[in-house]
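All remarks here apply to the structure that follows.
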Amino acid sequence: MKIAIGCDHAGIRLKPILIDYLLKHGYDYKDFGTYSNGSCNYAEYGQKVAEAVASGMFDRGILICGTGIGMSIVANKVPGIRCAHCHDTFSAKATRLHNDANVIAFGERVIAAELMLDIVELFLTTEFEGGRHVERLNTIKAVEEKYSK
Ligand code: RB5
């Protein structure tokens, strides 16, 4: 599984912890930045990761900013992205089972590293349930297409 990751300056402390986890568990990943704690625009990095996943080159995306909110908003603007802003394990599992979320967004100012890694594990290992949820995802896709130029 190929994972695209990205953060802004407010997510720079948690990203190396995430990278250690991905390496330890044998995931292939690419870090789309930012690479320093200098103030930057979270939307640029969220866009890069979301486009990498939407292109099909990466299976999942993981984003970290201060709250996870800005990153999730921008990621969900990219057609084909279903980004979950998620800080608990129940939602992490549910968003894979029900929403087939392909990107997840965390807030470094919100969540502890240990909990983030528990959530990452569920996000990367839980399969989409399919069934009744397929029709619901098709409706989301239809909304996306309706408002795409
Ligand atoms: C940066 O200060 C902060 O606005 C950003 O990391 C994020 O929380 C935006 O939603």
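All of the numbers you see were taken from the coordinates with simple rules; none came from a lab. None of the values given here were measured: they were computed from a predicted structure. Neighbour counts run over all protein chains shown; Cβ positions are idealised from the backbone, glycine included.
Tabulated data for the structure shown
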{"quantity": "Residue that is farthest from the ligand (Cβ to nearest atom), among those in region 69-89 that are loosely packed, with under 15 Cβ neighbours inside 10 Å and under 16 Å from ALA43 (Cα atoms)", "calculated": "PRO79"}
{"quantity": "Among the residues listed as ALA43, ALA54, ALA50, the single one being within 15 Å of the ligand (Cβ to nearest atom), of a type in the set (Gly, Ala, Ser) and closer than 17 Å to LYS2 by Cα", "calculated": "ALA50"}
{"quantity": "Residue check, ALA92 more than 10 Å from the ligand (Cβ to nearest atom), surrounded by 18 or more Cβ atoms within 10 Å (Cβ to Cβ), within 9 Å of the chain's Cα centre (by Cα) and over 14 Å from LYS48 (Cα atoms)", "calculated": "no"}
{"quantity": "ALA113 vs. criteria of a type outside the set (S, T, N, Q), touching a helix residue (DSSP H, G or I) at 6+ places or on another chain (Cβ under 8 Å), surrounded by fewer than 21 Cβ atoms within 10 Å (Cβ to Cβ) and within 23 Å of TYR35 (Cα to Cα)", "calculated": "yes"}
{"quantity": "Residue pairs meeting the criteria (Cβ under 6 Å; at least 6 apart or on separate chains; first more than 18 Å from CYS83 (Cα to Cα), in region 1-30; second aromatic (Phe, Trp, Tyr))", "calculated": "LEU22/TYR29"}
{"quantity": "Any hit, region 11-19, residues being in contact with a Cys (Cβ under 6 Å, 6 or more places away or on another chain), part of a helix (DSSP H, G or I) and within 16 Å of the ligand (Cβ to nearest atom)", "calculated": "yes"}
{"quantity": "Residues (surrounded by fewer than 21 Cβ atoms within 10 Å (Cβ to Cβ) and either within 18 Å of LYS15 (Cα to Cα) or without any contact (Cβ under 8 Å) to a residue 12 or more places away in the chain (or both)) located in region 49-68", "calculated": "SER55, GLY56, GLY66, THR67"}
